[in-house]
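Peer 1: Encoded as structure tokens, here's the structure I'll be asking about.
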4 protein chains.
Amino acid sequence: MATTTPPSMTSPTPPPSVRGNFASDYSSGVHPAILDAMVRENTARHVGYGLDTRCENAAQLVRQATQQPNADVHFLVGGTQTNLVACALALRPWEAVIATQLGHVSTFECGAIEATGHKVFVVQSPDGKMRIPYIERALRENVSEHMVLPRLVYVSNTTETGTQYTKSELEELSAFCRAHGMYFFLDGARLASALSSPLNDLSLADIAALTDMFYIGATKAGGMFGEALVIMNDALKPNARYCIKQRGGLLAKGWMLGIQFEVLLRDNLFFEIGAHENKMASILKAGVEECGITFAWPSASNQQFPILPNAMVTELAKDFDFSIIEALDDGTSIVRLCTSWATQEDECHRFVAALKRVVSSAVA
Amino acid sequence: MATTTPPSMTSPTPPPSVRGNFASDYSSGVHPAILDAMVRENTARHVGYGLDTRCENAAQLVRQATQQPNADVHFLVGGTQTNLVACALALRPWEAVIATQLGHVSTFECGAIEATGHKVFVVQSPDGKMRIPYIERALRENVSEHMVLPRLVYVSNTTETGTQYTKSELEELSAFCRAHGMYFFLDGARLASALSSPLNDLSLADIAALTDMFYIGATKAGGMFGEALVIMNDALKPNARYCIKQRGGLLAKGWMLGIQFEVLLRDNLFFEIGAHENKMASILKAGVEECGITFAWPSASNQQFPILPNAMVTELAKDFDFSIIEALDDGTSIVRLCTSWATQEDECHRFVAALKRVVSSAVA
Amino acid sequence: MATTTPPSMTSPTPPPSVRGNFASDYSSGVHPAILDAMVRENTARHVGYGLDTRCENAAQLVRQATQQPNADVHFLVGGTQTNLVACALALRPWEAVIATQLGHVSTFECGAIEATGHKVFVVQSPDGKMRIPYIERALRENVSEHMVLPRLVYVSNTTETGTQYTKSELEELSAFCRAHGMYFFLDGARLASALSSPLNDLSLADIAALTDMFYIGATKAGGMFGEALVIMNDALKPNARYCIKQRGGLLAKGWMLGIQFEVLLRDNLFFEIGAHENKMASILKAGVEECGITFAWPSASNQQFPILPNAMVTELAKDFDFSIIEALDDGTSIVRLCTSWATQEDECHRFVAALKRVVSSAVA
Amino acid sequence: MATTTPPSMTSPTPPPSVRGNFASDYSSGVHPAILDAMVRENTARHVGYGLDTRCENAAQLVRQATQQPNADVHFLVGGTQTNLVACALALRPWEAVIATQLGHVSTFECGAIEATGHKVFVVQSPDGKMRIPYIERALRENVSEHMVLPRLVYVSNTTETGTQYTKSELEELSAFCRAHGMYFFLDGARLASALSSPLNDLSLADIAALTDMFYIGATKAGGMFGEALVIMNDALKPNARYCIKQRGGLLAKGWMLGIQFEVLLRDNLFFEIGAHENKMASILKAGVEECGITFAWPSASNQQFPILPNAMVTELAKDFDFSIIEALDDGTSIVRLCTSWATQEDECHRFVAALKRVVSSAVA
């Protein structure tokens, strides 16, 4: 991908480093093509708070990519902010979100949804994917004004386990939500990886057609920051800017968001970055499989979750950054290896080589 | 100030434009020294969410500049977000903010404070400055559990009218708050302009010594975004990161905030930018005064509020961007002229010349 | 009114007491006719949470009295609870209430509305009555997503100053609200007094026709507790019980509310109690006027607000309970004399006699 | 009315009725001894909002019964209100409640806790009782500012399944909470039944010594309404009345609460009512066991949960009111039989007889 970098740009090549970095997809800076555009346009003057021409142009690109000429598009800075704005926008106080126990809104947002007054009704899912029986159960358990009123189904794609939805799965969920008067919202923090995965059969247009609202994540796709909230359902359009402002989500120099999405959505960069992340992850995955190591969840995206003996974890942590998700009872741990726009092929190979060394010495 | 720009940088000179821009201090991009640092450090890898070395270094610079070695420093993206986080962090549900009717939290944040559950008890102030008698009245009017419990006094410096606080004024307010068990919080969105104004006798260290919490604004001082929340009061320190995360204010690539504050606080750039803004505004002010035109409020900072006949407003609006604050009953309007890091001396002189032309033709 | 007491009842006559009680209209127990019904029906079994036959019957009486066969009626325990439920039911997070500075929701509910996330936008009114120019100003000052969106106009009848609305005043406010897409809500905590005042030309049916929601107060009209929230606007009807339950306002033994409203609305007791309160207050008012003492606000209802020299206040406080509303700068205070269903004619005359004594000794 | 009351227990005789009522413990009116006191004291005048002598006296009785001379006692109207006030009083926005999936706050309060902004972190418990390993897991899963901060452990006694805590169980939970800086709160909506059960070894004083806050429920123990919130922890005492007022929980004629608790806590009536409820339930339980029918949960309190074939449920429902808790997959249902202060021995025997008839005809 380095070949797409404009010549004027500072080289994106990371300094030689002993450590390989699989810690997260937001631990490297900005994709050079994006940063270059931000620099080039820095001298222009703009109206504030997202009413500028860059944002309008980026919104138009989103409308084209989603085939939704009437969609409302709002650019926010981060994922938790976008999720809490979406829920505050859609729900009355007694209405609840349905999410799996691994959903970002259930667990990793410090009660942000509850802080807007809404319950997140948690359903259990082995792989983090939402399925109709879980929703049915939530509806069966909430049947009067003594319970909350489930109103919005939250899914993320990819999910927090690296798994992803097929088109037919989203179609079923969408139809079910519509039949039951519920909103269907998709968190696309890792949508670049999802839509570029070999397992993917979804397009941005499909997602827009099947959901009431969703967002396209730039933070984990090479952006400096930024999530584009796309609203198709007319009932959710009015006063969204009030909701965003009230939650502190209206960026003063909003065109910095617009510029990033312009670059991502023009010339396919968004999907190229996703494909790069997935390709790097596939090297890791193949190496793990060659070692006969299993995964906690099957993932074809930029997050891989091998289950490693704790001694191996300790050994690998000497040279590589990654996360320990959960220590299991049998002396192994679920580990997360996460790739980003900046992951180098070389560091993936180094990881695989190191893993093989550790495995063989463990065997020996 | 252009001379401080490193040679490697894209020129900060705006393209020749017919229109002069006094619309706001956040309508131009990023000061080149800041953007340059962001570009130079783009290839480095960092831990996310503000736990990186750039943020720690910037926090250390804040601690030095404020002479508060034990201060907690948190970097947030925008002003409304910072204000709502500060109030949510400080207050129990029944506790209220005291602010003037012109305070940013009273009026311009779409009820963000109320959305965290807290009343903003509004007191009237002719020039937007908080004074002890106003607070005393708020305390006198709220005396039992049937009313709210006023607990945090909010001031901004400069205020929304361009006025500012002297050291003795802040000392009195601070002493009063401490004597009455109230928190004293200063919104420093325009602190660069305030502390660089000819009327100023305050330092960052003074403000830190006199308040429980305050913030240093970068958005309106040449940053891309960013406000540094500085907490001196030990009671307000625990769990601030929880509060920030819950409100969607924890930036994933947090080092982008740290870098900006490093540049601003190293080598005095923060104050240079404030001084530049004020100097540009002083040209406008002198021109307005020469024309015998009065101001709604006396300001020595980067916002000037002349009262102009509506016909003049229409005429000037042909070539210049500025805001109409309030249409008065007598056919005049209060107008805001606002300068930024990017305001050019030339465009100020052009405005003054245009004003003189309009005035003389009105007289003729 | 003692004559309406059923013979079986415990005597409502208060024990002879040295002190006269004008402290409030909720400082005496329950009107005997109401208490008698509660006792008589105590052995019946009911479904919980307001779904019982007593509540349904009381709701039907409300629908008849208001000539609103399709109104939804909900019985809540207290006024603050009802106001906060009404606002939470009507408003999206960024929408605000407009109320005068004397409105109960503005001042005397410990920020209950703000605790549901909504700003109360306060407008100044000399006598506590809402008027169209105040609303217009609120609309003029809130014009974009940087400000809140005013959406519900709150009035109380009688107001907190004892003043009240005429039919034409309510008609104008109602028409204005409808023309501007705002909800019109009337707090009827003291509606019994208002509708029984000599100045009144409104009926329950008028109020129902002119507002979107209002409530009929029983607590200050001889009930043990209870406010009947009446919803005419179809948009506000869905899920009101969810809203009430969520705010802790669904009484388990809900029929205790229904019974009280049955008694109040059958046989005109509600209006008789209001008339009694007003008649008692008119004795006080006439006595005050005879002494040449002026009132802070003109009231023909059960609250009277004479302005008394502080020495007189001290003297009268020896034998009578009443409230000091505000100490003025000139050595006088605004005092509130409040009558209830249980106020005795005799204690009113005693107050007047005492006042005359105090006045003449002050003159002498 | 006192004359109709038998010496030990005021007569609860309901009118002869075809239907037996095991629907709930809040579907009958007020215990005659309580109602009698409310009637007798109706003529007295009081200060409003719980500052009266009756409430002070009742609070004193609570302090004596709990052996907590310094406890703060507040009287609220209902259970959901009390739970939400307790959580709002104890928690900062990012702090969470830990409760089991059957906890009243988790499920049956329409998201009331979330509406105050707090997450209820749900842990799974087969019988609804809280245990240390569940809390440990909650702590293990919430370890940084990306998750909530668990701060208050919620238990109810009896629980929602009729089970109850032993003294040693509460001691362990209490010690664990204190060791981990968490508040321990006990919902005593059914405390009368719990403390009068044959399995009980707890006193009010034990509960007060082991928790930070708890409440004593009157609604389900013969009261018209009312829950006494008892606060031992000094950190939770300040400004509780603000919190109660803000949530609409301050009853205007507050002495109506005080009177009820005076009667309940004087002369042991609270425990007599609990014992009566349990004795009635034990008749049902014995009858169910004689039929060889099993229970979903083991209960020695006033709620019994037999698992009945659906055909039997239909048959019994012709003559008796009770709740169906859950329809199981095997053609049976968990049913709740709930007794109250007003349950008659005769109707319990009638139920047992009916059950035996149904069982034997099913066998035949």
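The values are calculated or read from the model by the stated rules, or taken from the named source; none is laboratory data. Keep in mind that this is a model prediction, so the values were computed, not measured. Please note: Cβ atoms are built from the backbone with ideal geometry, for glycine as well, and neighbour counts cover all protein chains shown.
Peer 1: For segment A:11-111, which fully contained helices (runs of 4 or more DSSP H) count at least 1 residues that are farther than 26 Å from A:Ser174 by Cα and of a type in the set (Ser, Thr, Tyr)?
Peer 2: Answer list for segment A:11-111: A:53-66.
Peer 1: For segment C:143-154, does any single residue satisfy the condition of being among the charged types (D, E, K, R), farther than 30 Å from C:Leu337 by Cβ and out of contact with any strand residue (DSSP E or B) (no Cβ under 6 Å at 6 or more places or on another chain)?
Peer 2: yes
Peer 1: Considering only residues that are of a type outside the set (Val, Ile, Thr), more than 8 Å from chain A (Cβ to nearest Cβ) and touching a residue at least 60 places away in the same chain (Cβ under 8 Å), which ones fall in segment B:221-233?
Peer 2: Hits for segment B:221-233 are B:Ala221, B:Gly222, B:Gly223, B:Gly226, B:Glu227, B:Ala228, B:Leu229, B:Met232.
Peer 1: Which of the residues belonging to segment D:280-331 are out of contact with any Lys or Arg (no Cβ under 7 Å at 6 or more places or on another chain) and β-branched (Val, Ile, Thr)?
Peer 2: Once the filter is applied, which keeps residues that are out of contact with any Lys or Arg (no Cβ under 7 Å at 6 or more places or on another chain) and β-branched (Val, Ile, Thr), segment D:280-331 yields D:Ile283, D:Val288, D:Ile293, D:Thr294, D:Ile307, D:Val313, D:Thr314, D:Ile324.
Peer 1: On to the next question. Which one of the conditions (1) more than 14 Å from chain D (Cβ to nearest Cβ); (2) free of Cβ contacts under 8 Å to residues at least 60 places away in the same chain; (3) in contact with a helix residue (DSSP H, G or I) (Cβ under 8 Å, 6 or more places away or on another chain) does B:His104 fail to meet, given that it meets all the rest?
Peer 2: Result: B:His104 passes all but (2).
Peer 1: The conditions are (1) surrounded by 21 or more Cβ atoms within 10 Å (Cβ to Cβ); (2) within 24 Å of D:Phe225 (Cβ to Cβ); (3) at pLDDT 95 or above, and C:Glu95 fails exactly one of them. Which is it?
Peer 2: So C:Glu95 meets the others, but not (2).
Peer 1: Could you list all residues from segment B:110-135 that are more than 22 Å from the chain's Cα centre (by Cα), over 30 Å from A:Gly111 (Cβ atoms) and crowded, with 22+ Cβ neighbours inside 10 Å?
Peer 2: none
Peer 1: Quick one: which helices (runs of 4 or more DSSP H) sit completely within segment C:252-352 and have at least 2 residues that are charged (D, E, K, R)?
Peer 2: C:269-290
Peer 1: I'd like the full set of residues that are within 11 Å of chain B (Cβ to nearest Cβ), over 26 Å from B:Ile325 (Cβ atoms) and in contact with a Cys (Cβ under 7 Å, 6 or more places away or on another chain), limited to segment C:110-155.
Peer 2: C:Ile113, C:Thr116, C:His118, listed by residue number.
Peer 1: Okay, next question. Listed residues C:Phe225, C:Phe184; which is at pLDDT 95 or above and out of contact with any Asp or Glu (no Cβ under 8 Å at 6 or more places or on another chain)? Give the steps one after another, and end with the answer.
Peer 2: Numbers: C:Phe184 fails: out of contact with any Asp or Glu (no Cβ under 8 Å at 6 or more places or on another chain).
After applying the criteria, what remains is C:Phe225.
Peer 1: Considering only segment D:36-57, I want to know if a residue exists there that is at pLDDT 95 or above, under 29 Å from C:Asn21 (Cα atoms), more than 8 Å from chain C (Cβ to nearest Cβ) and within 22 Å of the chain's Cα centre (by Cα).
Peer 2: yes
Peer 1: Here's a follow-up. Looking only at segment D:112-161, which residues are touching a Pro at 6+ places or on another chain (Cβ under 8 Å) and in a loop (DSSP other than H, G, I, E, B)?
Peer 2: Within segment D:112-161, D:Thr116, D:Gly117, D:His118, D:Asp127, D:Asn142 meet the criteria.
Peer 1: Suppose we keep only residues that are under 14 Å from D:Val18 (Cα atoms) and among the charged types (D, E, K, R) within segment D:315-364. Which one would you say is surrounded by the fewest Cβ atoms within 10 Å (Cβ to Cβ)?
Peer 2: D:Lys318
Peer 1: Within segment A:207-223, can you find the residues that are among the aliphatic types (A, V, I, L, M), touching a helix residue (DSSP H, G or I) at 6+ places or on another chain (Cβ under 6 Å) and farther than 12 Å from A:Phe75 by Cα?
Peer 2: From segment A:207-223, those among the aliphatic types (A, V, I, L, M) are A:207-210, A:213, A:216, A:218, A:221; that's our starting set.
Pick out the ones that are also touching a helix residue (DSSP H, G or I) at 6+ places or on another chain (Cβ under 6 Å) and you get A:208, A:210, A:213, A:216, A:218, A:221.
A:Ala208, A:Leu210, A:Met213, A:Ala221, listed by residue number.
Peer 1: I'd like the full set of residues that are closer than 21 Å to B:Val123 by Cα, surrounded by fewer than 21 Cβ atoms within 10 Å (Cβ to Cβ) and touching a helix residue (DSSP H, G or I) at 6+ places or on another chain (Cβ under 7 Å), limited to segment C:136-149.
Peer 2: Once the filter is applied, which keeps residues that are closer than 21 Å to B:Val123 by Cα, surrounded by fewer than 21 Cβ atoms within 10 Å (Cβ to Cβ) and touching a helix residue (DSSP H, G or I) at 6+ places or on another chain (Cβ under 7 Å), segment C:136-149 yields only C:His146.
Peer 1: Turning to a different aspect of this structure: Can you spot a residue in segment A:297-314 that is of a type in the set (Ser, Thr, Tyr), within 21 Å of the chain's Cα centre (by Cα) and under 24 Å from D:Arg137 (Cβ atoms)? Full working, then the answer.
Peer 2: Of segment A:297-314, the ones of a type in the set (Ser, Thr, Tyr) are A:299, A:301, A:314.
Narrowing the set further to residues that are within 21 Å of the chain's Cα centre (by Cα) leaves A:299, A:301.
From the residues that got through so far, the ones that are under 24 Å from D:Arg137 (Cβ atoms) too are none.
Within segment A:297-314 (the criterion being of a type in the set (Ser, Thr, Tyr), within 21 Å of the chain's Cα centre (by Cα) and under 24 Å from D:Arg137 (Cβ atoms)), the answer is no, since none of the residues qualifies.
So that you can scan it fast, the table gives a plain yes or no per residue for (1) within 12 Å of chain A (Cβ to nearest Cβ); (2) modelled with pLDDT of 95 or more; (3) under 27 Å from B:Asp206 (Cβ atoms):
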| residue | (1), (2), (3) |
| --- | --- |
| B:Lys237 | no, yes, yes |
| B:Cys243 | yes, yes, yes |
| B:Leu251 | yes, yes, no |
| B:Gly258 | no, yes, yes |
| B:Leu269 | no, yes, yes |
| B:Ser282 | no, yes, yes |
| B:Lys285 | no, yes, yes |
| B:Val288 | no, yes, no |
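Peer 1: While we're on this one: Does segment A:329-362 hold any residues that are under 28 Å from A:Asn268 (Cα atoms) and acidic (Asp, Glu), and which are they?
Peer 2: Within segment A:329-362, A:Glu345, A:Asp346, A:Glu347 qualify.
Peer 1: I need every pair where a residue in segment C:118-139 that is polar (S, T, N, Q) has its Cβ under 8 Å from the Cβ of a residue that is modelled with pLDDT of 95 or more, sequence separation at least 6 or different chains.
Peer 2: Cβ pairs passing all conditions: C:Gln124/C:Thr100; C:Gln124/C:Gln101; C:Gln124/C:Tyr134; C:Ser125/C:Thr100; C:Ser125/C:Gln101; C:Ser125/C:Leu102; C:Ser125/C:Arg131; C:Ser125/C:Tyr134.
Peer 1: Given the criterion acidic (Asp, Glu) and within 24 Å of B:Lys279 (Cα to Cα), identify the matching residue among B:Glu347, B:Glu315.
Peer 2: B:Glu347
Peer 1: Next up: Would you be able to say whether some residue in segment C:322-340 is within 14 Å of chain D (Cβ to nearest Cβ), touching a helix residue (DSSP H, G or I) at 6+ places or on another chain (Cβ under 7 Å) and within 18 Å of D:Thr43 (Cβ to Cβ)?
Peer 2: Checked segment C:322-340: at least one residue is within 14 Å of chain D (Cβ to nearest Cβ), touching a helix residue (DSSP H, G or I) at 6+ places or on another chain (Cβ under 7 Å) and within 18 Å of D:Thr43 (Cβ to Cβ).
Peer 1: Also, I was wondering about something else. So which pairs qualify, if the first residue must be in segment B:36-51 and closer than 17 Å to A:Asp321 by Cβ, the second must be surrounded by fewer than 18 Cβ atoms within 10 Å (Cβ to Cβ) and not hydroxyl-bearing (Ser, Thr, Tyr), the Cβ gap must be under 8 Å, and the two must be at least 6 apart or on different chains?
Peer 2: Filtered contacts from segment B:36-51: B:Thr43/A:Pro14; B:Thr43/A:Pro15; B:Ala44/A:Pro14; B:Ala44/A:Pro15; B:Arg45/A:Pro14.
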